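K.L.:
Please find one structure pasted underneath; my questions will follow.
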Amino acid sequence: MIVEDEEEILELVRFHLEREGYDVSCAESGERALRLIRRENPDLVVLDLMLPDLDGLTICRRLKSDPQTAGLAIIMLTARSDEADMVAGLELGADDYVTKPFSPRVLIARVRAVLRRDERPVASEASVLRRSGWLLHPGRHEVAYEGNPIAVTPTEFRILQTLMLRPGWVFSRDQIADAIYDGELASETRTIDVHIASLRKKLGDAAHWIETVRGIGYRFKEQV
Ligand code: CA
């Protein structure tokens, strides 16, 4: 579903998505989008943050707080100047963003990557991870540290899982993007930093398990 009030952009995105074989529906306002999403249950929403009635972040928050729509993939369309909104959106659980003006090719690649990520259970990645007080259960999408459950977004879960599968290994931002977006045209590396910052905030006292390796990337602390 495309949520965008600017008709030209909406038609451009619709044209390219339909050419790729996706079933597309459209909403020009936030209220209409929320109604349509609940009715049609789309796989992914391309969500413009600047809408005439509800702003995109409000829509994002409502979708993520409703169990029926909490797992819905969201790609935000933002103006380049709206970095704060972009960060807030990722923290609310949006999967990725594309800044305007964007190339349709980039948007399509992101759409494909986000959708593909949900359909590739790999044996080793599907197994439950237990180490150093951590429990990661991919099937249940549950994270707990020392018995306390931690609510994370699907993207944050994938990042934690990627790092935790190989404690002590340093992953570059590109490698993390590859892991969570399945090697499709990688997200801007800044996105990874925002996801990591948001994840650390949610981990609270356990945030020290994710270490920044200056000039390289991130790693999950190795137990010594
Ligand atoms: Ca707009």
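The values are calculated or read from the model by the stated rules, or taken from the named source; none is laboratory data. What you see is a predicted model; the values in this text were computed from it and never measured. Neighbour counts run over all protein chains shown; Cβ positions are idealised from the backbone, glycine included. These accessible areas exclude ligands, DNA and RNA; they are computed on the full protein's heavy atoms, side chains included. Shrake-Rupley method; radii C 1.70, N 1.55, O 1.52, S 1.80 Å.
K.L.:
With angles folded into 0 to 90 degrees, how steeply does helix 83-92 sit against the dominant principal axis of the chain? Use alpha carbons for both and round to 10.
P.N.:
In the chain, helix 83-92 runs at an angle near 70 degrees to the longest axis.
K.L.:
With everything on Cα atoms, drop me the angle between helix 56-65 and the longest principal axis of the chain, reported from 0 to 90° to the nearest 10.
P.N.:
60 degrees
K.L.:
Moving on. What is the angle, in °, between the Cα long axis of helix 30-40 and the longest principal axis of the Cα atoms in the chain? Nearest 10 is fine, range 0 to 90.
P.N.:
It works out to around 70 degrees.
K.L.:
Separate question: Using a Cα-Cα cut-off of under 18 Å, which lysines could be cross-linked to K221, ignoring same-chain neighbours fewer than 8 residues away?
P.N.:
K201, K202
K.L.:
Which far-off residues, 5 or more places away or on another chain, put their amide H under 5 Å from the one on I74, with H placed in the peptide plane?
P.N.:
V45, D95, D96
K.L.:
Given a 1.4 Å probe and every protein chain left where it sits, what share in percent of the accessible area of the chain is carbon and sulfur?
P.N.:
Carbon and sulfur: 48 percent of the exposed surface of the chain.
K.L.:
OK, next. For an R0 of 35 angstrom, estimate the FRET efficiency from the Cβ-Cβ distance between R105 and K221 and round to the nearest 0.05.
P.N.:
Efficiency for this residue pair is about 0.35.
K.L.:
Please compute the Cα-Cα pair-distance distribution of the stretch 1-117 with 10 Å bins starting at 0, giving whole percents from short to long.
P.N.:
Result returned by the calculation: 14, 53, 31, 1.
K.L.:
Before I look further, what does the stretch 125-220 give for accessible area per residue, probe 1.4 Å, in whole square angstrom?
P.N.:
Per residue, the stretch 125-220 has an accessible area of 47 Å².
K.L.:
Find out how many positive minus negative residues lie around V87, taking Lys and Arg as positive, Asp and Glu as negative, among other residues whose Cβ is under 11 Å from that of V87.
P.N.:
Net charge in that neighbourhood comes out at -4.
K.L.:
E6 to R61: FRET efficiency via 1/(1 + (r/R0)^6), r the Cβ-Cβ distance, R0 25 Å, to the nearest 0.05?
P.N.:
Efficiency for this residue pair is about 0.65.
K.L.:
Long-range amide H contacts for A79: which residues qualify at under 5 Å (H placed 1.01 Å from N, peptide plane, sequence gap of 5 or more or a different chain)?
P.N.:
Here K100 satisfy the definition.
K.L.:
While we're here: Kirkwood Rh and Cα-based Rg: tell me the resulting Rg over Rh for the stretch 125-220, rounded to two decimals.
P.N.:
Value, to two decimals: 0.93.
K.L.:
For a distance above 22 Å, tell me the whole-number percent of Cα pairs in the chain that qualify.
P.N.:
The share of Cα pairs beyond 22 Å in the chain comes to 51 percent.
K.L.:
Here's something else I'd like to know. Express the relative contact order of the chain as a whole percentage, based on alpha carbon pairs under 8 Å and six or more residues apart in sequence.
P.N.:
Rounded, it is 14 percent for the chain.
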